[in-house]
Amino acid sequence: MRILLTGGTGYIGSHTAITLSSAGHEVVLLDNLCNSQIDVVARIEKILGKKIVFYQADVRDTDALIAILQTEKIDAVIHLAGLKAVGESWQKPIDYYACNVGGSISLASAMKVAGVRILVFSSSATVYGDPKYLPYDEEHPTSPTNPYGRNKLQVEQLLHDLANSSDEWCITCLRYFNPVGAHESGLIGENPNGIPNNLMPVVAQVATGRLPLLNIYGNDYETIDGTGMRDYIHVMDLAEGHLTAIEWIAKNNGCHYFNLGSGTSHSVLELVSEFEKASGKTIPRKVISRREGDLPNYYAQADKALRLLHWKTSRNLSDMCESTWRWEQQRLA
Ligand code: NAD
Ligand code: UFG
């Protein structure tokens with residue numbers, strides 16, 4: 001298939017482009033570069049050993065999208081473009097709704113005009129909100145607790161209604177858990193702007209000395225060691241999840257939801273200890289108070305993806321830490 005990836009130079013988009021292209025699909029990348037750099041295209045080309053088509057465009061520009069979908073004869077779209085910082089979504093709700101919800105409306109409109117009906121949407125486990133039970137399965141009630149999460153749920157609802165409006169639409173919403181890690185080459189990885197918020201990039205920057213220490217947000221949760229637990233998923237496993245999802249949805253109409261997670265969770269201290277092993281560095285740390293809005297523990301019920309997509313994770317926490325460390329060192333070289 002010829003697949004357009006919006007947000008294609010971002011963290012997950014760039015890894016997904018490699019997996020899709022390696023599997024024989026042709027990828028076209030689109031990004032407005034608000035949270036990624038143009039040199040990612042050359043890095044992807046180096047890994048793949050071939051040229052990649054890239055458009056600098058905003059997903060809210062419906063006319064530009066229509067032209068790209070038609071010119072490039074696109075069969076399917078993976079919609080990753082969006083703003084993703086939970087904290088920032090409280091401060092800039094208009095930007096978040098305009099980009100995440102408005103951008104998705106624009107894309108769906110363009111696809112309708114251009115006759116493209118296969119869509120994979122980057123959603124998030126954050127749509128579930130406070131766990132009524134664990135692991136979260138796809139039937140768990142959705143009740144996001146922040147504007148970013150509400151954006152994701154609103155787009156899921158739009159796509160559900162779109163699929164109901166005509167049985168031509170083939171849509172999957174992938175609910176990612178906590179993506180971490182990098183491509184094994186060390187050429188691409190997560191490249192957060194400014195001081196990162198998420199655990200793995202903070203740990204990586206502490207290991208290289210760019211940050212002085214890791215603040216651990218609480219060690220009095222009811223978890224194995226008192227620190228928060230999450231379902232970390234290697235970004236290359238996630239990329240393979242996109243491949244299986246797009247090949248499956250191309251043959252199935254309607255709107256479908258899949259958790260993409262490992263089905264287990266790890267604590268902050270477990271991740272730090274594994275990173276110390278991978279890097280040979282000591283991670284200085286300090287326990288401070290809980291971060292507002294953090295949940296103690298959550299993880300995916302990943303059976304639906306296994307049953308229908310024949311997909312499951314194959315990389316472990318050690319792989320996630322080793323690949324992150326390789327990327328972090330390469331970035332500084
Ligand atoms: P990222 O910021 O690295 O990638 C997103 C890309 O979209 C960036 O390159 C950015 O420049 C681009 N972009 C943003 N707004 C745009 C617009 N209006 N038009 C065109 N391009 C635009 O983030 P990521 O981690 O790769 O996330 C990709 C998607 O997955 C996002 O939708 C995010 O919400 C979702 N997601 C991410 C995580 C995570 O922890 N990384 C978890 C769950 C869901
Ligand atoms: N943590 C620390 N110190 C830090 C950063 C994080 O102790 O400096 C802890 C957190 O308290 C939490 C765990 O590490 O227990 C993971 O935190 P992250 O910020 O890495 O991830 P979150 O689960 O909070 O959120 C992430 C994304 C969201 C997305 C969600 C999906 O930031 O956008 O995963 O599950 F919605």
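The values are calculated or read from the model by the stated rules, or taken from the named source; none is laboratory data. Owing to the predicted nature of the structure, the values given are computational and were not obtained by experimental measurement. Reconstructed Cβ throughout: ideal geometry from the backbone, glycine too, with neighbour counts over all protein chains shown. Side chains are part of the model used for accessible areas, which takes the heavy atoms of the whole protein and leaves out ligands, DNA and RNA. Shrake-Rupley method; radii C 1.70, N 1.55, O 1.52, S 1.80 Å.
Summary table
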quantity	calculated
Karplus-derived HN-Hα couplings along the stretch 96-107 (A = 6.51, B = -1.76, C = 1.60, θ = phi - 60°), whole Hz, x at Gly and Pro	5, 5, 5, 6, 7, 7, x, x, 6, 4, 4, 5
Peptide ranges 225-235, 285-295 listed from the most packed, as the mean C-beta count within 10 angstrom indicates	225-235, 285-295
J(HN,Hα) series, the stretch 109-118, from Karplus relation 6.51 cos²θ - 1.76 cosθ + 1.60, nearest Hz, glycine and proline x	4, 5, 4, 4, 5, 7, x, 9, 10, 9
Amide H within-cut-off set for Ser143, under 5 Å, with H built and near neighbours excluded	Tyr128, Gly129
Value of [θ]222 nm, deg cm²/dmol, for the chain, DSSP H segments ≥ 4, -39500 (n - 2.57) each, nearest 500	-11500 deg cm²/dmol
Theoretical gain in end-to-end length, Asp130 to Asp95 [0.36 nm per residue, Cα-Cα removed]	10.1 nm
Accessible carbon and sulfur surface of the stretch 55-139 relative to its total accessible area, %, 1.4 Å	54 percent
Alpha carbon centroid spacing (whole Å) that separates the stretch 27-56 from the stretch 183-224	25 Å
Aspartates and glutamates with Cα under 13 Å of Lys50, excluding same-chain neighbours fewer than 8 positions away	Glu26
Long-range HN-HN contacts of Asn259 with modeled amide H, under 5 Å	Arg175, Ala305
DSSP-defined antiparallel bridges as percent of all bridges, the chain, nearest 5	5 percent
Amide H contacts under 5 Å for Thr172, placed H, 5+ residues apart	Leu119, Val120, Phe121, His256
Karplus (6.51, -1.76, 1.60) ³J(HN,Hα), θ = phi - 60°, over the stretch 205-213, in Hz, Gly and Pro reported as x	6, 5, 4, 8, x, 6, 10, x, 7
Around Val272: net Lys/Arg minus Asp/Glu count, Cβ-Cβ under 15 Å	-1
